[in-house]
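Student: Take this structure, written in structure tokens, and hold onto it; I'll ask about it next.
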Amino acid sequence: MTDPSQERVPERSRRRFPGISSRAYEHPADRSALVALRKLSGFDTVFKALSGLLPERSLRLLFLSDSVRVGELQFPHLHTMLLDACRILDLEKVPAMYVTQNPQPNAMCIGLDEPIIVVSTGLVELLDEEEMRAVVGHEVGHALSGHSVYRTILLFLTGLAVKVAWIPLGNVAIMAIVTALREWFRKSELSADRAGLLVGQDLQASMRGLMKIAGGDHLHQMNVDAFLAQAEEYEKGGDLRDSVLKILNVLPRSHPFTTVRAAELNKWAASRDYQRLMDGHYPRRDEDADTSVSDSFRESAGHYADTVRSSKDPLMGLVRDIAGGAGDLGGKLRDRFTGAANGRGQDGAPGPKGE
């Protein structure tokens, strides 16, 4: 007889997505990289065989010995959320989950052979039930996409590249790899945010969670619309100097900035793609093998092109001007860097100076 405590029954009615492919929620740039990697037959198998070279086994023992494993008797509310998330996204094998003592709000999904989810006490104490549900869904989304496998593989390759840094121009090559790797990491986080929304099915809870990660447990002092307005101001504000600083600020990060994540998730939740998905129209994982790599890359390229076209960032505006064959490039560069565009007359001559 089946033990009722083992049944994966969600606490409230939420739409399920039987057989859903992770392609349904993956960001285009994340999806194109994953489709290409999945097509490399045996690629991840080889590195799984080399897992002895990686600290995965050590990490598993560390969490087992020095953290609390989530289950029916320990953090049972998180255990229920985990079962719910796996049921909704139709992930058959439930990952092991641990709570580790750390005041910094954080969560991660790691592992080659089997993904494990780790959440910090800081995060558990910060978020309410529905906010935490979105986080658990976020991490289950990482597991379903295979991010834990491919992240570990690419980190291993990056570490291998560091060992040959003595080769001429080796540092340049390594920085190119690391930069590309972090760009993918950031896009994979946007994918996982979408998975969290599919699990929680509560956009406001997802927004609240991101606001709390940014500003702490002070919801009475924060506002979703104002938080999203920050993201818009961040994108379009300043001149080219600010655009360059934005790039420099984000390069060392594995996660997008929190306001940017909130704005991206809010935009996706309002999209036709999300509505179709919620209506039950989504790609199935049994179709993954037939996915075209070239189509995925074209979609990714199209996304970046759309980003340039729609962006309010000054640098992206300059890129559009150059692509459109704009004249007086030197003048435009000068104006964008100095913010002087509004101080020039209609004929391009300097206008009257302000006080």
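The values are calculated or read from the model by the stated rules, or taken from the named source; none is laboratory data. For clarity, every value in this text was computed on a predicted model and none was experimentally measured. Here the Cβ positions follow ideal geometry from the backbone for every residue, glycine too, while neighbour counts run over all protein chains shown.
Student: Could you tell me whether region 239-255 includes any residue that is more than 25 Å from residue 26 (Cα to Cα) and either modelled with pLDDT of 90 or more or part of a loop (DSSP other than H, G, I, E, B) (or both)?
Tutor: yes
Student: Looking only at region 258-282, filter to residues that are buried (at least 18 other Cβ atoms within 10 Å of the Cβ), within 23 Å of residue 213 (Cβ to Cβ) and of a type in the set (A, V, I, L, M, F, W, C); which one of those is modelled with the lowest pLDDT?
Tutor: Only one residue tops the list, namely 260.
Student: Related question: Looking at 197, 219, can you tell me which residue is of a type outside the set (D, E, K, R) and modelled with pLDDT of 95 or more? Lay out the reasoning, then the answer.
Tutor: Values: 219 fails: modelled with pLDDT of 95 or more.
When all the criteria are applied, what remains is 197.
Student: Between a first residue in region 191-205 that is under 15 Å from residue 142 (Cβ atoms) and a second residue that is of a type in the set (A, V, I, L, M) and not in a helix (DSSP H, G or I), which pairs have beta carbons less than 7 Å apart while being 6 or more apart in sequence or on different chains?
Tutor: 195/89; 198/89; 199/89
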